[in-house]
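K.L.:
Have a look at the structure that comes next, please.
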Amino acid sequence: MIFLQLFYTFTKIGIFNFGGGYAMLSLIQDEVVNKHHWLTVKEFTDIVAISQSTPGPIGINAATYTGYTAVLNEGYPVWAAVLGAVLASLSVIWLPFILMISISKILMKHHKSNTVQSIFGTLRPAIVGLLAAAAIMLMSKENFGDPSDSPFVFILSIFIFLFSFVGSRLYKVHPIIMILLCGLAGLLIY
C-alpha cells in the first residue's frame, strides 16, 4: 500500500510542479508531512539540508529520501526502503519527462506565439509564489530555534542568516565560501 501511495503522491507532485525543485518543496511538505505524516517537520527540514548538499536536483533528492524514510518507518526492511526511494524518485520525473518529450517539438515551433507567451506570463507569478512559500516554510523553529526556548540560539541564527544574505547579495561572496563560513560558525558556536 505504501508503494502505491508513494507512486501516486510523487507523480502528482511531479506533474503539478512548475519552477524547479525549490518550488516543489512546499508541495512535497504538504503531501509528506501534513497529509500522509510520513515525516515530521524536523525530518523534512533535514531532507532540505541533505538535498541541497548532495549532487542532483533538490526535488528528486527530496523524493528519494522521503521514499526511503517512509517505507522504513512503515516497518519494511532496508531493501524495501531502497525500492521505495527508487520508486519515489522515478515517480516524480516519469510523467513530466514524457510530457516534455511529447510537447517539446510543438513548443519550439510556437514559442513566439501570443498564446504560449500568455501561458508563460501567467506561470511566472505562480512560480514566484511557490518559491516564496518554500522560503517561508524554511523559516521555522527547526531552522532558527524558538525564541522562548533559547533566545541566544534564535538571535544567533538570525545573525547567521543576515550575515549570509548580506555577504552573498551585497558583497557577492561566492556561495561555496559562504557555506564554508556558515558551517565553520555552526561548528564553533553550536
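The values are calculated or read from the model by the stated rules, or taken from the named source; none is laboratory data. Everything quoted here is computed from the prediction, not taken from an experiment. With ideal geometry, Cβ positions are generated from the backbone for all residues, glycine too; neighbour counts draw on all protein chains shown.
K.L.:
What tally of residues in segment 132-178 results from selecting those that are among the β-branched types (Val, Ile, Thr), under 18 Å from the mean Cα position of the chain (by Cα) and within 17 Å of SER53 (Cβ to Cβ)?
P.N.:
The number of residues fulfilling the criteria is 0.
K.L.:
Right, another one. Name the pairs: first residue in segment 50-76 and acidic (Asp, Glu), second residue assigned to a helix (DSSP H, G or I), Cβ to Cβ under 8 Å, at least 6 apart or on different chains?
P.N.:
Final answer for the pair search is GLU74/ILE2.
K.L.:
Quick test of your reading of the structure: ALA23 fulfils all but one of (1) more than 21 Å from SER140 (Cβ to Cβ); (2) within 10 Å of the chain's Cα centre (by Cα). Name the failing condition by number.
P.N.:
Only one criterion is unmet by ALA23, namely (1).
K.L.:
If you don't mind, there's one more thing I want to ask. Tell me whether segment 130-142 contains one or more residues that are under 27 Å from VAL41 (Cα atoms), surrounded by 15 or more Cβ atoms within 10 Å (Cβ to Cβ) and in contact with an Asp or Glu (Cβ under 9 Å, 6 or more places away or on another chain).
P.N.:
Looking through segment 130-142, at least one residue is under 27 Å from VAL41 (Cα atoms), surrounded by 15 or more Cβ atoms within 10 Å (Cβ to Cβ) and in contact with an Asp or Glu (Cβ under 9 Å, 6 or more places away or on another chain).
K.L.:
Residues that are hydrophobic (A, V, I, L, M, F, W, C), at least 3 per element: which helices (runs of 4 or more DSSP H) completely within segment 109-188 meet that?
P.N.:
Result: 114-138, 151-169.
K.L.:
Restricting to segment 28-77, give me the number of residues that are more than 22 Å from SER140 (Cα to Cα) and of a type in the set (Asp, Glu).
P.N.:
Within segment 28-77, residues that are more than 22 Å from SER140 (Cα to Cα) and of a type in the set (Asp, Glu) number 1.
K.L.:
Between THR54, THR66, which is under 19 Å from the mean Cα position of the chain (by Cα), at pLDDT below 90 and not aromatic (Phe, Trp, Tyr)?
P.N.:
THR54
K.L.:
When the residues of segment 1-51 are narrowed to those that are farther than 11 Å from ALA62 by Cα and polar (S, T, N, Q), which ends up surrounded by the fewest Cβ atoms within 10 Å (Cβ to Cβ)?
P.N.:
Out of the qualifying residues, it is ASN34.
K.L.:
Is there a residue in segment 161-181 that is at positive phi, exposed (fewer than 13 other Cβ atoms within 10 Å of the Cβ) and either acidic (Asp, Glu) or at pLDDT 80 or above (or both)?
P.N.:
yes
K.L.:
Could you grab me the full set of residues in segment 74-116 that are more than 18 Å from THR64 (Cβ to Cβ) and small (Gly, Ala, Ser)?
P.N.:
So in segment 74-116, the residues more than 18 Å from THR64 (Cβ to Cβ) come out as 75, 98-116.
Hits for segment 74-116 are GLY75, SER102, SER104, SER113.
K.L.:
If you don't mind, there's one more thing I want to ask. Consider VAL48 carefully, then state whether it is among the hydrophobic types (A, V, I, L, M, F, W, C) and under 20 Å from ILE2 (Cα atoms).
P.N.:
no
K.L.:
Could I ask something else about it? What is the one condition in (1) free of Cβ contacts under 8 Å to residues at least 24 places away in the same chain; (2) in contact with a Phe, Trp or Tyr (Cβ under 9 Å, 6 or more places away or on another chain) that VAL153 does not satisfy?
P.N.:
(1)
K.L.:
Kindly list the number of the only condition in (1) more than 21 Å from PHE16 (Cβ to Cβ); (2) loosely packed, with under 15 Cβ neighbours inside 10 Å; (3) without any contact (Cβ under 8 Å) to a residue 12 or more places away in the chain that fails for ILE103.
P.N.:
Answer for ILE103: the failing condition is (1).
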